[in-house]
There are 2 protein chains.
Amino acid sequence: MAYSFGSDEYFMNEAFKQAEIAFEEGEVPVGAVVVCNNKIVAKAHNQTERLNDSTAHAEILALTSAFNYLGAKYLPDCTLFVTLEPCTMCAGALNWSQIGKVVYGATDPKRGYKRLVTKKEQVLHPKTEIITGVLEKQCGDLVSAFFKKLR
Amino acid sequence: MAYSFGSDEYFMNEAFKQAEIAFEEGEVPVGAVVVCNNKIVAKAHNQTERLNDSTAHAEILALTSAFNYLGAKYLPDCTLFVTLEPCTMCAGALNWSQIGKVVYGATDPKRGYKRLVTKKEQVLHPKTEIITGVLEKQCGDLVSAFFKKLR
């Protein structure tokens, strides 16, 4: 399916392509891209198996790649698109990055950061805009298919 | 001051030496070591400035180093010693690592992971033992001295 360039669906589909690469490599299929001025400045997929590092999530790898590419340790003008709701670690990393916007696809009730959000406490940066549910079914179905295959 | 080898104070003092390196380099002075069978398998200090990466905290760098050294992506038999209470991101990373024990020095009421812990929700892994307040004053004073110098 073709999405119009620059739309949330377009960039989420690019993140989804990263998730598909993870799937093919036997990794939990999560993908992310970082976008700045409508340009993708970083792409990554989950690599916990390949790097033998349980913290090598797509978001962390994409952030580090974006910091390197832009030569900046804060990303207020960037958006991160990720196929699955970020976990607590990744949300904490996104907070430190002061990223302008986070767009995610499927929700993750068990591991997602939202379970820790209270009236008093946030996990993402208070200035970060959050958009959810973009290509939600497609992103979630890939994760379900992966775990179904594992069993 | 000399601490008896193998004690929590001994290893925390090794983490403190890492924090002192960070201080000298103009980084927020936090240091960490990972210990396995009484042997230090990883040492790191905060490098957010040097690496231009707002997520390059001592704990994250120490974990990745330990994963690489041990060739394992889970660390149930290891202990992480860190001079300051881990932030949400680092606590999330420690959760994924399934580390056996976390020992920290000073508390961090503003950024520390503890503010998100509720009766229902934990941030560290449920099997991770937590010990606090080891060399607390020494660790906290170094952070205070750093921010005092900045102002």
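Values quoted throughout were computed directly from the atomic coordinates according to the rules given, and no laboratory measurement underlies them. Just so we're clear, the structure is a prediction, and the values are computed from it rather than from any experiment. FYI the Cβ positions are ideal-geometry reconstructions off the backbone, even for glycines, and counts take in every protein chain you see.
Things worth noting here:
- Remark: C-alpha extents of region B:28-151 on the principal axes read 42, 35, 26 Å, sorted largest to smallest.
- Cβ-based exposure ranking for B:147, B:81, in which fewest neighbours within 10 Å come first: B:147, B:81
- Reachable aspartates and glutamates from residue A:137, criterion Cα separation under 18 angstrom, eight or more residues apart if same chain: A:8, A:9, A:14, A:20, A:85, A:108
- The residues neighbouring residue B:118, those whose beta-carbon lies less than 11 Å from its own, together hold a net charge of +4 under the Lys/Arg +1, Asp/Glu -1 convention.
- With Rh defined as the Kirkwood radius, the inverse of the mean 1/r over Cα pairs, the Rg/Rh of region B:13-75 is 0.99.
- Ascending count of other beta-carbon atoms within 10 Å, so fewest first, for B:69, B:10, A:113: B:69, B:10, A:113
- Residues with amide H under 5 Å from that of residue A:125, placed H, sequence gap 5 or more: A:95
- Entries of A:17/A:148; A:43/A:73; A:148/B:101; B:110/B:148 with Cα pairs more than 22 Å apart: A:148/B:101
- In percent, rounded to a whole number, the relative contact order of chain A is 21, using alpha-carbon pairs under 8 Å and six or more apart.
- Cβ-based net charge around residue A:24, under 13 Å, with every Lys or Arg adding one and every Asp or Glu removing one: -1
- Distance distribution note for the protein assembly as shown: the fraction of Cα pairs above 34 angstrom is 20%.
- The alpha carbons of region A:66-132 give a radius of gyration and a Dmax of 11.6, 36 Å, in that order.
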